[in-house]
Amino acid sequence: MPAIDVDEYRNRYEQELERTRTQSTRTKGARSYTDGEPGDFIAVDDARDDLGPRVAQLLAVATDRDRKIDDRLDALQALSALEFLGARFSPYRAEWVSTLRTLAEDPRATVRRSALEQLALRQDPHARELLLTGLDKPASALVPDAVALQFLGHDGHGDAVPAARKVYRRSKGAAREEALRILATDPGSAAMLERLMKDKSEKSSVRRISAAALQDLDPSRFEKAARRVVADDDDFNEIRSTSLTGLALRRTAESAPDDALVQTVTKLHSSSRSPAVKASASRFLAATRDRSET
Amino acid sequence: MTKTTAGSRHRSADEREHERLIHLARQDPDSGAALVRLLDERAPHHHGRSTASTNRLRARVFIEFGDLGLPSAAMPFVLEELESGLDPSTVAAAGRALLGATEPLPTDAGPLLVSAIERLRGNDEEVRFLAANVGTILPTAIEDLTGTIEQLGPSAAPARAALAELLEHHQCCFNPAVRTRLEAALHRLGSEDRPPCCHAPSDTHEPSTAPGGNDATLTTDLTTLVLEDQDGNRASFAERFHGRATAITFFYTRCTNPQRCSLTVARLASLARRIDDARLDCGVAGISYDPRYDRPDRLRTYGAERGMTFSPRCSLLRTIGPFEPLIDALDLGVGFGPVTVNQHRLDLMVVDSDLCVRAHRTRRLWSEDDVLADLNAATGVTRAQ
Amino acid sequence: MQVELDIPSADAAGRVFLTWTPVQATARLAQADDASPVQVTLRGRSSGGRVQFATTRTHVGTPELQLTLPANGTKVSFFVAGVFGQPSKALDDGAVQVRVAGGAPVVAEKKVTVRIRKDATKMTGPERDRFLTALGTFNNRGTGRFRDFYEMHVSGTLDESHGNVGFLSWHRAYLLDLERELQAIDPSVTLPYWRFDRAAPSLFTPAFLGRSDATGRVSFTPGHPLEGWRTAGVPGITRAAGFPISQAPPGLRTENATIALGGPAPNAQYGGFVAMEINPHGFAHTSFTGLIRNPATSPRDPLFFLLHGNVDRLWAKWQWFHRRTDPANPRAFAPALNNRIGHRLSDTMWPWNNNTAPPRPATAPGGTLAPSTVTTAPGPSPTVRSMLDHQAVGGGAPLGFAYDDVPFEV
């Protein structure tokens, strides 16, 4: 990249802005509304304007089942963006939450899902109940199991652990993986996660989720399992990489270097043909070096 | 402002169970006491339930108090919820419970209603406890609390200054209809604060066990209970606390209510600094409710983030093994859901150098001044002995 | 003969860090061969970051500078800065060298890093990996001090940082605090930014900020430093773009439209510009599903910091273009709405001020703002005012960061 003359840079930028200004003052890309675009209505908004009429209009669009789905989703997006105004949005928050609770059972799947997620992010008890009911009675489920579990998982308290256990036992694929992530909040699941992490017959993604979960839930157990995986030349590169980075970050943060492990990783770094393993081994060795220097 | 009820209103199994418990309590000859028992965090009906479930039952019980009358034993629960509750519907229900009071309200009840409105202003929602009864028109939690102030009228007069300040500083946070109602409520409170004789003094800032009073010596079991600190050092309860008066409080790092555990540990850190500044031979400690999750590294980070400078006299701890022995021995108000705490009250106690509990503050936010006084008293008592 | 170079923007290990802001430095003869003054030439050496010199505080520098150093060891002052457009790619990839005029041997050298915040899509692979590793280390599987950062931005605290004119200054301090924490782990790291008005497909890959599946679950390459990411006790990240990642999100103001928000020069006003809080800022957040779309959960997705890097860059660019860095200029800032505390120029900002008295939040996670090894500004408890002139165009100490496309200009 060449050096840039600052005065010339200013002149060029000034010309560019002037070109833009004369071309258009309106934002491109948003879909049109009868009364402005959701992405655009703020374009003329002064920060002091009363948001009330605009919020009311957007709520009406979002809940109007006769509107085009894209309009409704855009209105939901615009309302979510207004939520970032903190205190300025407070007068409308209760109505916004009520609307989301209504939309959580909307006939349109995309609207339902969007509303349920926004409620789940605020750990709304109404949404929680709907999601749990759906897991219990699949015929009435508002979203697929994997999505329901993902939303329930926003509560780090582990209140959805009993439901996750059930889904873990009955499901495969994404739902089983999301169930595992919820079980990762339960110290009582550490032994199962360790077993999954070490199980070569398990899917790579399941082993990696288990390893990541164990790093937090039971670091000692993780370290023991990770050392075994890293030292096993017959194990898969994916889980070896995950284990190595887990060890590297842990070492950087709090542990003292360990000669035996450093030797194993040094050997692995030179012998492995996997870019992911090499990168993780480099990361581990760099972290160990930094640790020694400090 | 009124809104339509959200979503379909079918009763969940959880709600049906709550209705059954409420029905049974109402049948009890002492229905007030039976309802208060439903609020106890340790009661079996809370065990294994989610936080949402325990909140819902609390809200239902508070609503019953509004209808049936508020027993004095329930007042600490109500004030606790108004002071530091997080769930808007439960807080609003606690406000409604005050409407059932047959005796003069504590002086801080009114101001706590206002502080609850202030706390909820960024988190308002339509109340859920009325959904099954009212149908399609529901107030929000803030509207409901405002209505409570209006109905209490002069009984909530000590709230006047706080309400005027709320309207002055946060008027942009309320919609015009709520602002109008808040102004009306302010008008209803009267032009001047009622004289104190019309209100019961709040005794909730006093410890339930007075310093130098009927102290309780800890059981042998507890004195041998092993505690681990934020650095992984282990010692028995007796080894750790014997020989020095200590303020012990309880928390867990997964707590999502910033008014409870986060604030408790931040205040504990501040208390420790004041003890150091005053060169008192006292200590502070926080013990986690969630020992399997709150490993030493987690305790260390959590305390440091809240200003703790760790030392043998200032530590965060967890039990090695189950937490339950502490609940029984120290009479702690905590219940557990499927994985971790589902509901807890604030508990702070001061133990003297002989491990006798000299003060036990529950439910209400404590001040550093009060606890310093407790510590001074506990130190003095020990010396006198 | 010995020449001593003193460039004050150095860390404890003596590593020099520069931005575009000129730093006043000195050279002196520590040991003279005779009593005559010596003419020396300052010159940059670089495999990445380049430096320029001047004898006054200016944005117009030269690649070489002649100095005459008195034999008695008196210090001779000069200014050194990074060359706009030529930032470092790695630690110590630049240097200031001193040669005796006309002579070949280097008589003094200081290694230099021109540490600049960059467009995330233009980072090298190693730059990207160092940033991710520092972030993963800081999070430390959910037990690290990253917790402070998302607890500063949750329900109940948002009045401090949103919906008012201090929105931009609060977030500038927030990013700076995090960047300094990451630099304490790896001093080569800066916060990259996501230009949300342009397509950034390389950002949303498994090797960088992760790829989303149909459920909105983000996955990474095996061994990625964020693979063990955990916040608020919850593992992983959820996020799905509501637009094709080969394109920019629709409906967002472009950079030029954003810069035009406060009105045209010479009357551009901050009061108009800060409307960017909704669009593009709010709309950038809500172009996705997942943690990033909700104010109280958004900082739990690392994308937050790249998104806000761009928000801050846009402010910096507006400030540069309209020359709005002087807090005394009434157009550089605006009166707080409803006189809200924390949004007035002289107010200190929560949580760094540790003020927990109402109406501030009851707790102040994180303590004071992280110190820098290379600058004294803004101090542990920044005011709104202290955030305005980040490059110290008006003099004093800079905040210690700069953007790749926002020059220093006096």
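FYI, it's all coordinate maths here, none of it is from the lab. In this text the structure is predicted, and so the values were computed from the model without any measurement. Reconstructed Cβ throughout: ideal geometry from the backbone, glycine too, with neighbour counts over all protein chains shown.
General remarks:
- Reachable aspartates and glutamates from C:LYS75, criterion Cα separation under 14 angstrom, eight or more residues apart if same chain: C:GLU4, C:ASP6
- The stretch B:250-264 versus the stretch A:57-83: alpha-carbon centroid distance in Å: 36 Å
- Dividing the summed -39500 (n - 2.57) terms of all DSSP H runs of n ≥ 4 by the residue count of chain A sets its mean residue ellipticity at 222 nm at -21500 deg cm²/dmol.
- For the pair C:ALA104 and B:SER311, a Förster radius of 56 Å applied to the C-beta separation gives a FRET efficiency near 0.40, rounded to the nearest 0.05.
- Helical mean residue ellipticity (222 nm; -39500 (n - 2.57) per DSSP H run of 4+; nearest 500) of chain C: -5000 deg cm²/dmol
- Ellipsoid fit via the Cα gyration tensor, the stretch C:1-55: semi-axes of 24, 14, 11 Å, each the root of five times an eigenvalue, largest first.
- Average beta-carbon neighbours from other chains, 10 Å sphere, peptide B:121-130: 6
- Residue order, fewest to most surrounding Cβ atoms within 10 angstrom, among C:ASP197, A:ASP199: A:ASP199, C:ASP197
- Here the stretch C:1-77 is assigned +1 on the Cβ of each Lys and Arg and -1 on the Cβ of each Asp and Glu. Its dipole about the Cα centre then comes out at about 280 debye.
- Binning all Cα-Cα separations of the stretch C:74-116 at 5 Å, short to long from zero, yields these whole-percent fractions: 6, 18, 21, 23, 18, 11, 3.
- Under a Gaussian network description of chain C, with springs only between Cα atoms under 10 Å, the residue in C:PRO382, C:PRO280, C:PRO126 that fluctuates furthest is C:PRO126.
- Other protein chain Cβ atoms within 10 Å, averaged over every residue that makes up C:206-216: 3
- In order along the stretch A:158-168, the phi-based Karplus estimate (6.51 cos²θ - 1.76 cosθ + 1.60, θ = phi - 60°) of 3J(HN,Hα) comes to x, 5, 8, 4, x, 5, 5, 4, 5, 5, 4 Hz; Gly and Pro are listed as x.
- Computed over the stretch A:129-282, the ratio Rg/Rh where both radii use C-alpha atoms and Rh is Kirkwood: 1.05
- Chain B: angle of helix B:88-98 to the longest principal axis, Cα-based, in degrees nearest 10: 80 degrees
- Computed over chain B: relative contact order in percent, which uses C-alpha pairs under 8 Å that are six or more apart: 18 percent
- Rounded to 10°, Cα long-axis angle of helix C:303-322 versus longest principal axis of chain C: 60 degrees
- Kirkwood hydrodynamic radius of the stretch C:234-304, Cα pairs, Å: 13.5 Å
- For the stretch A:206-221, Karplus couplings with θ = phi - 60° (6.51, -1.76, 1.60), whole Hz, Gly/Pro x: 5, 5, 6, 4, 5, 5, 4, 5, 5, 3, 8, 6, 8, x, 5, 5
- Counts of other chain beta carbons within 10 angstrom of each beta carbon in peptide B:148-156 average 0.
- Counting only DSSP H runs of at least 4 residues, each contributing -39500 (n - 2.57), and dividing by the residue count of chain B, the helix-based mean residue ellipticity at 222 nm comes to -13500 deg cm²/dmol.
- Centroid-to-centroid, using Cα positions, the stretch C:267-290 and the stretch B:148-165 are 39 Å apart.
- Rg over Rh for the protein assembly as shown works out to 0.98, using Cα positions for both radii and the Kirkwood form for Rh.
- Neighbour-count order for B:LEU70, C:LEU175, C:LEU91, fewest beta carbons within 10 angstrom listed first: C:LEU91, C:LEU175, B:LEU70
- 10 Å binning of all Cα-Cα separations within chain B, expressed as whole percents from 0 upward: 5, 22, 30, 25, 15, 4, 0
- Cα convex hull of chain A, projected area averaged across orientations, nm²: 23.2 nm²
- Relative to the Cα centre, the charge distribution of the stretch B:294-342, modelled as +1 at Lys and Arg Cβ and -1 at Asp and Glu Cβ, gives a dipole magnitude of about 300 debye.
- Note on B:ILE248, A:ILE4, A:ILE209: ascending count of other Cβ atoms within 10 Å places them as A:ILE4, B:ILE248, A:ILE209, the fewest first.
- Here the Gaussian network model covers chain A, with springs between Cα atoms less than 10 Å apart; of A:LEU214, A:LEU180, A:LEU17, A:LEU17 fluctuates the most.
- The stretch B:220-249 and the stretch C:217-260 have Cα centres spaced 46 Å apart.
- Normalised convex hull volume, chain C, alpha-carbon set, Å³ per residue: 140 Å³
- Relative contact order of chain C: 16 percent, from C-alpha pairs under 8 Å at least 6 residues apart in sequence.
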